[in-house]
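K.L.:
Quick one: structure below, then a few questions.
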């Protein structure tokens, strides 16, 4: 794509472009909205002349993102009205065919590439045995068996070249096919096979690396076990998850993972929904509530009527989103394609020039073979990008396309959300506030005595604080747990309640006298529990999330690695936000902001020329994640909206992975440029040697093998890429 349009964000069915010529151009905005909306497959067009953005919603069954981008760009550049074309029947971005091998996972690009590479390798192996082992001659003329097989093996290249020529494109395949025919015509069928072998090997490697990335991503997002229990005529029957159907009633017990999206029809349980929503608290779910696959039953039993199963569940759709986004190619991959195309054009000129200057067909043919297979150039970017995405996936980092990996290397401004990003999702008891005339130690003792058998995260925070203060629980005679409300216990003959407002209302405890204090805590984003004894509120417990131990080191490392500006964007009140920013070395702070304000702040930074990365974990971050040049969600533990809106997800919920992926992106571009030099430099050397008669056609074929292997080996270094450990993180 040209620089007229730049993709800011995309998900299947929706893409947002940055169109600089659209800014303050109401006439162009009106034309884009009216003319693009007439194209087949387009459902909605919204052009924003103030922000210079173009949003297009399209039917992914009828067209695709690349075609939408092509048509949009033509409309920006001219008054033409080209029509969108139908999307290819093969949904995989890894394969251009329409009748490839289809498995349960979809299009499998590795098998056809492997079959082609194996067949060509067997032929070359047979020739080697006949020549070197048996000492027999091998005919290489056009009418020999080897020549006929070589021409037959070139047919797929000719077919692809023919399609491209009809589109008025002259590309690598046409040059390769012509070179193979020329080699056979010159009695060098084995040389033609060398060209075909390196071409098929390159395609196999590309397919294999990308499929490896796909499998790594699949393992990250594997959302269910293999077995579950289904209610059949009132009896629990074990069943395979893959055999579940819409309408089945699935029985889920304590410790099990929810395997369907659906509605609870009976029972009640506490669910850990952090893999989907990012909320650290266990959420009570009962009849009438919705549940999603990938969450966990931490306590209780529920009966869930399946609404979505298999690949229709939410997490499965996220996996499909990530897989489809592998076609979001990095701009530098387009540079590689253009460089290869230019090399083809240069190849014609150099071949013709060699023939004119030397008068030697043999030398001209050698030069043509050197220039005929710019496979290493084509592989320079794609192998590096795929290897980097595979390395990130093994570290549980989802990158939704090479484009975002490249954009990340250009980022100079990082905006941080606070809660769940710079702080953990594990609560800590921040304040113990007595209000009934007792001291802090006694209030904490009442709370820990009631919570001693509770495994809720807030209860664990109470126990940790009691241990820190050396406060021991008092034995209780009665202990009762209320799902989603709190605990009731009888301690030394008195009824003690520790829980939320619902529990207080259940037992008729008046809380109006502490409402102002509760409101103050909640304005700071704290979670509040009441402690009551014999019907009277004795005090409040306020919980906050702790600062991640690595936060300060992450901010410092980013600033050291080229990021110029760090910003804290949070809904917390001013004093809390400023204190955190000062402690972590963040230079700019925006507090008490609403979700839409976060997006405005990101847009304002972009208007000032900054390339912005936004990292957050909640629904309130989704708008800003979408607006940023690169949006990073804190893992599959982030909210479903945030994960879907983001371009990169840190699944392990480890902020240090942000430093890793930032360094990985910069190193990947460095490797790509190294690959360009390896590929182009070896071609130049080959042309010089061929033109001077120092390189034979056979050696020209070997040159392709050597420099392609060099590019692959250089890219493979990224599979093992790592960074030095962050220093000082443990001290924060």
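The values are calculated or read from the model by the stated rules, or taken from the named source; none is laboratory data. Since we're looking at a predicted model, the values are computed, not measured. Cβ: placed from backbone, ideal geometry, glycine included. Neighbour counts: every protein chain shown.
K.L.:
Return the residue satisfying two criteria in turn: it lies in region 263-311 and is at pLDDT 85 or above and closer than 26 Å to residue 544 by Cα, and of such residues it is surrounded by the fewest Cβ atoms within 10 Å (Cβ to Cβ).
P.N.:
Of everything passing the filter in region 263-311, 284 is surrounded by the fewest Cβ atoms within 10 Å (Cβ to Cβ).
K.L.:
Additional query: Does residue 502 fit the bill of being touching a residue at least 24 places away in the same chain (Cβ under 8 Å) and exposed (fewer than 14 other Cβ atoms within 10 Å of the Cβ)? So that I can check it myself, show each step before the final result.
P.N.:
Values: touching a residue at least 24 places away in the same chain (Cβ under 8 Å): no; exposed (fewer than 14 other Cβ atoms within 10 Å of the Cβ): yes.
Criteria not met by residue 502.
K.L.:
Filter region 175-197 down to residues that are surrounded by fewer than 24 Cβ atoms within 10 Å (Cβ to Cβ) and outside any helix (DSSP H, G or I) and give me whichever is modelled with the lowest pLDDT.
P.N.:
Step by step, filter region 175-197, then rank; the result is 186.
K.L.:
Give region 98-131 a look and list any residue that's at pLDDT below 75 and either in contact with a strand residue (DSSP E or B) (Cβ under 8 Å, 6 or more places away or on another chain) or part of a helix (DSSP H, G or I) (or both), or say none. First the steps, then the outcome.
P.N.:
The initial filter retains those residues of region 98-131 that are at pLDDT below 75, namely 98-109.
Result: 100, 101, 108.
K.L.:
Considering only region 395-410, state which residues are at pLDDT 80 or above and assigned to a helix (DSSP H, G or I).
P.N.:
Passing the criteria: 404, 405, 406, 407, 408, 409.
Here is a yes/no grid of residues against (1) in a loop (DSSP other than H, G, I, E, B); (2) at pLDDT below 90; (3) under 38 Å from the mean Cα position of the chain (by Cα); (4) at positive phi:
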{"residue": "447", "(1), (2), (3), (4)": "no, no, no, no"}
{"residue": "459", "(1), (2), (3), (4)": "no, yes, yes, no"}
{"residue": "471", "(1), (2), (3), (4)": "yes, no, no, no"}
{"residue": "477", "(1), (2), (3), (4)": "no, yes, no, no"}
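K.L.:
Among the residues of region 439-452, which ones are in contact with a strand residue (DSSP E or B) (Cβ under 6 Å, 6 or more places away or on another chain) and surrounded by fewer than 16 Cβ atoms within 10 Å (Cβ to Cβ)?
P.N.:
Residue satisfying the conditions is 440 alone.
K.L.:
If only one of 616, 585, 562 is touching a residue at least 12 places away in the same chain (Cβ under 8 Å) and surrounded by 20 or more Cβ atoms within 10 Å (Cβ to Cβ), which one is it?
P.N.:
Of the residues listed, the single one that is touching a residue at least 12 places away in the same chain (Cβ under 8 Å) and surrounded by 20 or more Cβ atoms within 10 Å (Cβ to Cβ) is 616.
K.L.:
Given the structure, is residue 147 at pLDDT 75 or above and surrounded by fewer than 12 Cβ atoms within 10 Å (Cβ to Cβ)?
P.N.:
Numbers: at pLDDT 75 or above: yes; surrounded by fewer than 12 Cβ atoms within 10 Å (Cβ to Cβ): no.
Answer is no for this residue.
K.L.:
When region 545-559 is examined, which residues are found to be closer than 30 Å to residue 460 by Cβ and surrounded by fewer than 20 Cβ atoms within 10 Å (Cβ to Cβ)?
P.N.:
At the first step, the residues of region 545-559 found to be closer than 30 Å to residue 460 by Cβ are 545-555.
546, 547, 549 - these are the residues of region 545-559 that are closer than 30 Å to residue 460 by Cβ and surrounded by fewer than 20 Cβ atoms within 10 Å (Cβ to Cβ).
K.L.:
Only one of 10, 72 is surrounded by 21 or more Cβ atoms within 10 Å (Cβ to Cβ), at pLDDT below 80, outside any strand (DSSP E or B) and in contact with a helix residue (DSSP H, G or I) (Cβ under 7 Å, 6 or more places away or on another chain); which? Steps first, answer last, please.
P.N.:
Numbers: 10 fails: outside any strand (DSSP E or B).
72 is the lone residue from the list that is surrounded by 21 or more Cβ atoms within 10 Å (Cβ to Cβ), at pLDDT below 80, outside any strand (DSSP E or B) and in contact with a helix residue (DSSP H, G or I) (Cβ under 7 Å, 6 or more places away or on another chain).
K.L.:
With the condition kept exactly as written, say whether any residue in region 79-87 is in contact with a strand residue (DSSP E or B) (Cβ under 9 Å, 6 or more places away or on another chain), at pLDDT below 80 and part of a loop (DSSP other than H, G, I, E, B).
P.N.:
Taking region 79-87 as the starting set, the residues that turn out to be in contact with a strand residue (DSSP E or B) (Cβ under 9 Å, 6 or more places away or on another chain) are 84.
Narrowing the set further to residues that are at pLDDT below 80 leaves 84.
With the extra rule that they be part of a loop (DSSP other than H, G, I, E, B), the set shrinks to 84.
The answer is yes; a qualifying residue exists.
K.L.:
Here's a check for you: in region 13-27, which residue that is assigned to a helix (DSSP H, G or I) and over 17 Å from residue 70 (Cα atoms) is farthest from the chain's Cα centre (by Cα)? Even if it seems obvious, please write down each step before you answer.
P.N.:
Filtering region 13-27 down to residues assigned to a helix (DSSP H, G or I) leaves 20-22, 26-27.
Now restrict to residues that are over 17 Å from residue 70 (Cα atoms): 26-27.
Numbers: 26: 35, 27: 36 Å.
Looking at the filtered set, the residue picked out is 27.
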